[in-house]
Structure formats: structure tokens, C-alpha cells
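FYI, it's all coordinate maths here, none of it is from the lab. Remember, predicted model here, so these are calculated numbers, not experimental data. Methodologically, a virtual Cβ is constructed for each residue, glycine included, from the backbone with ideal geometry; neighbour enumeration extends over all protein chains shown.
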Amino acid sequence: MARGLGNITKMDPAELKMLKTRIDITTAIMVALIAILVVRLWHLQIRKGTEYAQLSENNRTRIQYIAAPRGNVLDRNGEIIIANRPLFNVVWIREDAPHPDEVLKQLAKILKLDISVLLDRIRAGADHPRYLPTRLKENIDWETLIAIENNAYRLPGVQVEVVPSRDYLYGEMASHLLGYLGEINQQELDANKDGTYMPGDLIGKGGIEKLFDRYLRGEKGQSFMEVDVRGFVQKRLKAQEAVPGNDLQLTVDIGLQEAAETAMGDRAGAVVAMEVNTGRILALTSLPALPLHEFSGGIPGNVWQQLLNDIKTPLINKPIQGQYPPGSTYKIVTALAGLSEKVITPDTTFFCSGSINFGNRSYGCWKKGGHGAVSLHRALAESCDVYFYQVGQKLGPDVIARYANSLGLGIKSGITLENEKAGNIPTTAWKLKRFKEPWQDGETFSIAIGQGFDLATPLQICRMTAAIANGGTLYRPQFIAAVKDSSGAFVSQFKPVVDGTSLGSPRTMQIIRDGLAGAVNEPHGTATTAKLENVIVAGKTGTAQVVRLAQYQATSESKVPYKYRDHAWFTCFAPFDKPQIVVTVLVEHGGHGGSAAAPVAKAVLTRYFEMHPPEVVPAEPAAPPATP
């Protein structure tokens, strides 16, 4: 070792090599760590930078969807029938609820609900994104709203949303036609392919609200808010306003609708009023009405069960779904077929002794003592059963069915309402297929007067009467006049649609109309209770037998159990010379058409002609006085 180097000794080459290896390894590790850090930073800042920036922004901002005001529903005169009012709902946002158990306990006390009810609602929305609100209770009152706001600091994740709800300005009037709103269910969400709807949305569940939802609903708005870690709003950033839905203008006259429902009172049944020469519906009544105020917030189970068990069947939309034997209103069809097929003339008479024997059975007339010698005019005016038994026997079921179909019976009318029924007009082929039995001649007696296998809806009878009144044109029933946007501009307008022409000549139609005028205006007519002073009304009564039970044959109507009483029909048009309006009334288990149904039609006609006074023919000018 050299002396100048003091105590430094010469290192062993092996040690030097080992030291160098350690330095290289350390350097490599440091380089690798730095490389990993750089790659990670690149991944976070460059590759995923936008995504994480958005997530970070979402932690700070919240999007609240603003429900659009639904369009109003107006009657033909512009009177608002359905408008909007604010509805306050309690909603739950899971993303903002770090301790849900404690929050739900507090909330259950405020809402006066069992906590299991809230948990069921939360479980139902478990598959929805955590940031979307789950509705826990609808339509809370002011007291509950104030309690929630005062305890907001103890209820993270709980909010009160304000949504537009329906305000039925005429209560439950026209409830089956108008329909109602309800919260969207999972099945409806799954069918929503374009993403229009979201969990918790209110959508149309029946009637106009459902069928025209796409017009009424509008477009949601959005509100962007800055929130803190507990989900409480700090400030609003920006907003996109909701677009209101379109208004629907109906052909219905709310004044006539009110007259019909008032005249029916608490009785079950249907009233249909229609323009003779357009098919536009003026009133469409189904009673009992639906409790729209119960349906709007989610109908309670006990209320739903009461509706299901109600003997008056309020859940059926009776003008289009109620299928009843048409009774003597069907004699219009038999008369049309008889005249057109020339098996009778207006002067053909049959003798009515009160019954007619066929085979080993006697078929009675409603008038026990009989009508005597009866022509077609008297048979229609006084509704002689024996006359039409014999006309029907000459025609046969298949010929009668052909004329009935041409008047719109036995087929759906095409009205834009759900689950319309077609009724039933029997033929020999139908019976063979349905019962595997041939037609019996005695069955023709029953169908000729609207009993037996015959079934029709009130809307079909109304449409048939309109065709007789206007000379044979069959219009499709319509109840929407126009769709308008929020500024009042037309989006769509609907014109009358002709579906066909009935069988029978204009002369034949006139003969039948004369007989129907006699039913209302002649002393022995069956519908004199529908007579008006200044307008000539023409119509036909009907009594539809529900069931024939021997023990009630000699019992007064009031003592027969409700479900066994006959249905009461009346269908009419006016004015006789220039028909404008058709009214058809069906009173379930009401007894006789002249006493139960005709007065209802009279009330509707009275209201109509108060609003549309008939043309008054000016009197001939007086002769000048003689010159002295």
C-alpha cells in the first residue's frame, strides 16, 4: 500500500463487483418505480382524465329532472275539463344516504307509515341507479311537508319533489273517457325502448290520459345543482326548462255530459250522445263513475277491492264494453230488413191477441191483452212483439243479421278507446260453430225482438240510430276534435270518417223514422215521456230481459232482486225533420225503457236545444185588412 494514502486500503475486486451490482439493482428499482408512477399518472390524467373529471363533477353536481306540465283537456267549446296542480311527493336518493336505517326510522314517524312500507318501496327501486330518486309517498299535505323541511338536516337523502298533477275540474264526470294517471311500473319501463320514461314517472293508465299520452306528456326539463357531501343543495348552476304537453280538445260538450250524469243519478248504465251527420261524440257516460281522486295517487287495495265487488260494475266502460240484449230497439233492424226484402209493406197488418203459438210454445207480447190489427207504423210506435215475431219468421236469422251488420251491430265501431266489445249478431253458422247445434225456428222469434243471442253495446245502438236518422251513412265515432300546442296552434285536426252505408233505401228509412216519431208523439206510443214541446223527437224504447225466473213472473219490479231486473233502453234522434243529435240511454236493471231511460234522454235533449235552439219557421204574413 502507498504511504500517501494514509489509512485507505486497497479494496478487493469481488467486493467492488458486489457493490456495483447493488447500486445497479437499486437504480433499476428506482427507475421502475418512477416509470410505474409516470404510467399511472398518464393513465389517470390522460387516458382516464375526462372520465374521472366527470365523476368528480358528479360528486359536486346533481341533475334533477323537471316533470313537464301535461297538456290540458278541453271540451268542444274550449271549457277546461282537466288542468294541472302541484303535487308534493317524498323521494329517496340512496347515493346521499350514508346511514339509511336511522333516516328511515325518522321518516316513518313523520309520514305516519310503517317502516316496512318504506322498505318495500326502496326494494322495488333497488335495480335503479343510486342517484335516481325513489318515490316513497305521493301527495303529502302541508303539515307533512313542513315537518320534512324542518328536519332536513336529520334526513340526508330525503327530498320533496314538486310535480304537476291532474286537477279534475268536474270531479268524476266522464271518468271512464278521461282516464287517470299512475306511477309507471316495471313492465311499462321494460317496454319503453326509446328511454322516454324513467322510474317514478306518472303516465296515463286509462282513457284519454293513456291513449294520448304522447301528446299530453310534454318533454322533461333539467336542473343542475351543486351539492355538498350530504347531498344538500348549495346552489343552482343552470336549468333547462320543461316543454309543456299539447292540449286535447274533445268533441264532448261538458254541459251535455253533466245533464246526462245528473239525470241518471245513482243508477248504473250508459248514455251516449252523438252528432247525426259527423259521428262526433257529444257525451259518453258510464256509471257508476271511477273515483279519479283515489286513482291519481295510487289506488289503495281496499278501494280497489270494493270496486271489484261492486254489483254495479264500475270498472266496466259500459258504452263500449257493456254487452246487453238490445231489446225492442232491435225492432228497427227487423223492420228495415222486412221492408227491404219485401216480406212486408207499410200497410201489412198482423193481428196481435197478446201472444202467438208456435210449435208447443206460446210467445207473448208485452201487452197482455194484445194490440189487435197492427200495421208497421203502430208496431214501431207501440212496440208490438207479435208483429215482429212474424216478420222475423218470414226473414230468418241470416237475413236479419245481414241488415244488422250493415247498421254497425255485431262489429266494433272503431272508436279510439281500449277493449271495445263487438256484441253478437247470431246466424245459423254461428250457432252451429258455437254450440254444435242447428238453428231452431223458435229462436228466430227471440232475436227478431232483440232477445236470445242478440248482444249490443250502447255505442252500437247509438250509431245504428244515427244511420237511420241520416239516411244510411255509418260514421266512425270520434271524441277528439283537435290537438293544440301550448300557444294554441293546431297540431292535428280530425275530420269525420265514413265507414260505410247501411242496407235499405231512403224511402224505407223514412217509413221507419215515421214509426219512431209515433213512439214519442202519439198517445199510445211507448216513449211519450221523451216528448218535447218545441222539437219533434223520434225514438224507440226497449226492455232487455236479463233472466226469466218463474218465481218473479207475478212480482212487481220493485220487489224483484236488483240483479234479476230487466235493463231499460231508449234511443232517439231530433229534430225529426232535420236530425242533429242522437241520444241512447241504457239503465241497467232499470225496468222499462219508457219510464226509466226515456226521461234521461229528454234531459239531454232539453239541454242540447237550450244551447242550440231549433230553427223556427216564420209564420205566413197576415193578410192585409179589407178596404172599407
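Name the GluC sites (Glu not before Pro) in the range 363-437 that are in a loop by DSSP and that have at most 15 other C-beta atoms within 10 Å, would you?
E418
Using the eigenvalues of the Cα gyration tensor, what equivalent ellipsoid semi-axes result for the range 263-303 when each is taken as the square root of five times the eigenvalue, whole Å, largest first?
Details: eigenvalues 165, 38, 8 Å².
Each semi-axis is √(5λ); the values are 29, 14, 6 Å.
Run the reach check for K368 against lysines, Cα to Cα strictly under 27 Å, same-chain hits fewer than 8 apart removed. What comes back?
K331, K394, K531, K540, K559, K563
Can you divide the C-alpha Rg of the range 463-514 by 2.2 N^0.38 Å and report the result to two decimal places?
1.63
Lysines near K105 by alpha-carbon distance under 17 Å, same-chain residues fewer than 8 away left out - which ones?
Straight-line reach from K105, under 17 Å: K137.
Just to check, using Stokes-Einstein with a Kirkwood Rh over alpha carbon pairs, what's the diffusion coefficient of the range 299-357 at 25 °C and 0.890 mPa s in µm²/s?
154
Using a Cα-Cα cut-off of under 17 Å, which lysines could be cross-linked to K484, ignoring same-chain neighbours fewer than 8 residues away?
Here the lysines satisfying the reach criterion relative to K484 are K495.
Give a residue-ordered list of calculated ³J(HN,Hα) values for the range 588-598 (Karplus: 6.51 cos²θ - 1.76 cosθ + 1.60, θ = phi - 60°; whole Hz; x for Gly, Pro).
After applying 6.51 cos²θ - 1.76 cosθ + 1.60, I find 5, 6, x, x, 9, x, x, 8, 9, 9, 4 Hz.
Label the range 556-599 by shape, choosing from rounded, prolate and oblate, from the square roots a ≥ b ≥ c of the eigenvalues of the Cα gyration tensor; if a/c is under 1.5 it is rounded, and otherwise prolate applies when a/b is larger than b/c, oblate when it is not.
prolate
Mind listing the phi-derived Karplus ³J(HN,Hα) values for the range 495-510, rounded to whole Hz, using 6.51, -1.76 and 1.60 with θ = phi - 60°, and x for any glycine or proline?
9, x, 10, 8, 9, x, 10, 6, 6, x, 7, x, 5, 4, 4, 5
Could you tell me the distance between the Cα centroids of the range 310-389 and the range 420-475, to the nearest Å?
One Cα centre to the other: 13 Å.
Would you grab the residues whose amide H sits under 5 Å from the one on I81? Only those 5+ places off in sequence or on another chain, please, with H modelled 1.01 Å from N.
V73, L74, D75
Run the helix sum for the chain: -39,500 (n - 2.57) per DSSP H stretch of 4+ residues, divided by residue count, reported at 222 nm to the nearest 500 deg cm²/dmol.
That comes out to -10000 deg cm²/dmol.
If I histogram all Cα-Cα distances within the range 259-385 using bins 5 Å wide from 0, what percent of pairs lands in each bin?
Calculated P(r), rounded to whole percents: 2, 8, 12, 13, 14, 11, 11, 11, 8, 5, 4, 2, 0.
Out of residues 5 or more away from G500 or on other chains, whose amide H comes under 5 Å of its own, with H placed 1.01 Å from N in the peptide plane?
L474
Take the range 321-437, compute every pairwise Cα distance, and split them into 5 Å bins from 0; I just need the percent in each bin.
The distribution over the range 321-437 is 2, 10, 19, 19, 19, 14, 9, 5, 2, 0, given as percents.
Kirkwood Rh and Cα-based Rg: tell me the resulting Rg over Rh for the range 403-477, rounded to two decimals.
In the range 403-477, Rg relative to Rh is 1.02.
For the range 414-537, would you read off the P(r) tail past 19 Å as a percentage of all alpha carbon pairs?
Within the range 414-537, distances greater than 19 Å cover 68 percent of Cα pairs.
Which whole-number value in Å³ per residue fits the convex hull of the alpha carbons of the range 78-175?
134
For the range 319-327, take each phi angle, set θ = phi - 60°, evaluate the Karplus expression 6.51 cos²θ - 1.76 cosθ + 1.60, and give the result in whole Hz per residue in order, putting x for glycine and proline.
So the Karplus estimates, Gly and Pro as x, are x, 10, 10, x, 10, 10, x, x, x Hz.
Just to compare against my own numbers: the Cα pair-distance distribution for the chain, 10 Å bins, whole % per bin, please.
Calculated over all Cα pairs of the chain, the distribution is 3, 13, 20, 17, 13, 10, 8, 5, 3, 2, 2, 1, 1, 1, 0, 0, 0, 0 percent.
Classify the range 370-451 as rounded, prolate or oblate, taking a ≥ b ≥ c as the square roots of the eigenvalues of its Cα gyration tensor: rounded when a/c is under 1.5, otherwise prolate if a/b is larger than b/c and oblate if not. All intermediate terms of the calculation are to be shown ahead of the outcome.
Values: a/c = 2.76, a/b = 1.40, b/c = 1.97.
It comes out oblate by the Cα gyration axes.
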